[in-house]
1. As a test, work out the antiparallel percent of DSSP beta bridges whose residues both lie in chain A, rounded to the nearest 5.
2. Checking the cross-link filter: which lysines have an alpha carbon closer than 21 Å to that of B:K380, excluding same-chain neighbours under 8 positions apart?
3. Have a look at the DSSP beta bridges in the protein assembly as shown and tell me what percent are antiparallel, nearest 5.
4. Which value, in debye to the nearest 20, describes the size of the charge dipole of chain B about its Cα centre when Lys and Arg Cβ atoms bear +1, Asp and Glu Cβ atoms bear -1, and nothing else is charged?
5. Based on alpha-carbon atoms only, what is the radius of gyration of region A:151-306 relative to the globular estimate 2.2 N^0.38 Å?
6. Using packing as a proxy for protection, rank A:71-83, A:372-384 so that the peptide with the highest average count of other Cβ atoms within 10 Å comes first.
7. Every other copy gets compared here: list the nm distances from the A:T67 label point (7 Å along Cα to Cβ) to its counterparts, shortest first, one decimal.
8. Can you tell me, using C-alpha contacts under 8 Å and at least 6 residues apart, the relative contact order of chain B as a whole percent?
Number of protein chains: 2
Amino acid sequence: MSQVSQVREIGVGLLGLGNVGSGVVQLLADNAAAIEERLGARVVVRRIAVREAKKRRKVAVDRRLLTTDARAVIDDPDVAIVVELVGGEAEAKQYVLHAIERGRHVVTANKALLATHGPELFAAAAKRGVELYLEAAVCGGVPVLRALREGLASDKIEALHGIVNGTSNFILSTMTAEGRPFDEVLAAAQREGYAEADPALDVDGGDAAHKLVVLAMLAFGARVRLADVYVEGIRQITPVDHAYAERFGMVVKPLVIARDHGTEGLELRVHPTMIPKRWLLASVAGVNNAVYVTSRALGHSMYYGRGAGMMPTAVAVVSDVLEIARNVLGRSPGMAATSVPRLTRRAVRDIGLLRSRYYLRFAVLDRPGVLAQLAGVLGKHEVSIAHVTQEGKEPERAVTVVILTHEARERNVRLALAQVAKLASVVEAPRLVRLCE
Amino acid sequence: MSQVSQVREIGVGLLGLGNVGSGVVQLLADNAAAIEERLGARVVVRRIAVREAKKRRKVAVDRRLLTTDARAVIDDPDVAIVVELVGGEAEAKQYVLHAIERGRHVVTANKALLATHGPELFAAAAKRGVELYLEAAVCGGVPVLRALREGLASDKIEALHGIVNGTSNFILSTMTAEGRPFDEVLAAAQREGYAEADPALDVDGGDAAHKLVVLAMLAFGARVRLADVYVEGIRQITPVDHAYAERFGMVVKPLVIARDHGTEGLELRVHPTMIPKRWLLASVAGVNNAVYVTSRALGHSMYYGRGAGMMPTAVAVVSDVLEIARNVLGRSPGMAATSVPRLTRRAVRDIGLLRSRYYLRFAVLDRPGVLAQLAGVLGKHEVSIAHVTQEGKEPERAVTVVILTHEARERNVRLALAQVAKLASVVEAPRLVRLCE
């Protein structure tokens, strides 16, 4: 018995015991022997804060560990690492700040919290000399933040293209494969548990924007305002758009895009994007996530996998816990935190400044001269046409005109579309999808 | 001035100043300020061992750092981290062991060394309490080993499918795209610098086998004999095979495959493989590398990027140097090395035990009953046929018969093919390509 007590222990306190929390408890239990061998110490869950102490749990857990008092978990002197899995912003922020103040290291999967209050939390952690790890906040168990932080530590990241919202990717992939409309596929996704009852955060781009802000912190050391990110959801994409994309050898994907323009600021945008089928990101289907990184020395690299779900997210949380444990065990007193990015306030470029190619779809009455009118308005705004398709020939009935532009300035494209919308022959607001090539 | 001298310094000694070494010097110089800010210490190249001190260099380097005496670099008391980039096995091994003995941490990109002597070197490093990092040995700058070691630390890896030799992938990709034969594409690759003058290590699978053994150490903690890995190169793949693959919705890729069969041992094989076009690995083209990981908790994940080249490899080496520097700075005296995998001797399953689907190609004289003969021999060996194609109808001329089998035992397939080869109507040794689906 005396031998047993000599093994060092690292205490973990969990805030939240839902899906991810249960996964964390299970992984730590299942891998206890391997972890102990690897670390030379045990990682022990000391206390768990839950909302309802009596609820049935998905995982075998000693009920004496449960409490409804999150602060009691944080304040427990045997807890070295606090894992925040309560979600939301206000409450989670208070807990994380309290944990930092108490000298606890923190692991969180809360991208909303990080996107809004990340810089403040990182500053507090750096000041107190504790770690704040967040691998699970982007792409679940795929260690993309670790790759940015460690693997590419001496590289300069120039751009990122990511699929970071599994629900949106599932819906667009299914629409592409089956030619069904958005509402129908969303309803199916909700029945199958791939979409929430309230899907807004996923399909309107808010969740992806949170993750993009977190990626910008890690990739560029950038502190940006969430509200400055350009965000457009996937609701307006129709089966017709997927069919045209297919015809052009492209596919519509829910991308987040970040690019460093140096003194001109960062380009940060979230919107459905047509990309060539030959791109690796085009093959990232279903609920999967991927981040494609362009960096100066390495060139291109991509990180792919399940971006959500109980066990994938738990793998990321546990990897953070183990890295902190390793640091804690080996660490000299007073050493600075190694996980905390140094952030610089960066401006976000207005979307109007974007230069891109565009897919434009118009519903027009099939009258003589309509195409010339469209082309005239676009030309007047310096939007030049690479390709035009007009479907059907039914006088006085609405037909579809699709135009692919050469690279143009977004501001000009928008002005042109506003003017086109006022033409008598145009029966519906023009649609726009950005292209990446 | 006194302020300057208070910044801590971590000394690095380089063994070798070729492409990768020059890249390392350049990255450390270009990122010096960022590294110092991040680490709170400087990483300084103290000495560099070269074969010829007077040769022109690709990178600006203080010639006083150069020496032709590798041991002098290792023995320099200001060198904390030795970066081995001399290549080869015998000499490199002596240097690495000497460095470990002297208490230096080691970074190496030498997969041949690791595949053959890795377990011995890891054991020496563990005993001496120094780190032995090797990110650059597999997939260049793509942090796949880091992902296996850290990101998936609490997961159980079940299988890996990888494209880890850029030259082979470039050749097969070009053959697929252009329908040209192996020899012609190899010659072009040699002219363009994508293949060595002596391409054997790349196109015959030896380099990939080295990397597979290294991956098996990190993914399964397995100590295996390099000679037990099944290795088959890409020389025998013809444009005809690519054309058939295309017809079946597949593509031929130079894969390494590892799977853990528990007490039955590890499956470790290197050979060209037909995979469905919809697989992400099918879209990994040109000189790019990727490793697709199947693990219990995370499910699937993939790591992709440039697997070779001066700067991609240098990024990986520098990421290792920085991680060691971070550990060294924060580390308590006597702390165990964190990079060293604990290895267990594992048996490698004989390729004869493999169950797989097969693409079989025969050149036969177009006589009545030939197909029945082929089918009969296969059936007798429990190899059942999923699909048969016979091209052309030219009596007494050789025609091509292609058979896709259902899953069969490799041993049986080989016995069947040996018997088929003896048939009077069979004019050429049958060809075999394994399928993965």
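1. So the antiparallel bridges amount to about 65 percent of the total.
2. List returned: B:K422.
3. Here the antiparallel bridges make up roughly 65 percent for the protein assembly as shown.
4. Once rounded to the nearest 20, the dipole reads 520 debye.
5. Relative to the rule-of-thumb radius for its length, region A:151-306 sits at 1.04.
6. A:71-83, A:372-384
7. Listed shortest first, these distances are 5.8 nm.
8. 16
Bear in mind these aren't lab numbers, they're just calculated from the coordinates by the rules spelled out. Remember, it's a predicted structure, so these values are computed and weren't measured experimentally. With ideal geometry, Cβ positions are generated from the backbone for all residues, glycine too; neighbour counts draw on all protein chains shown.
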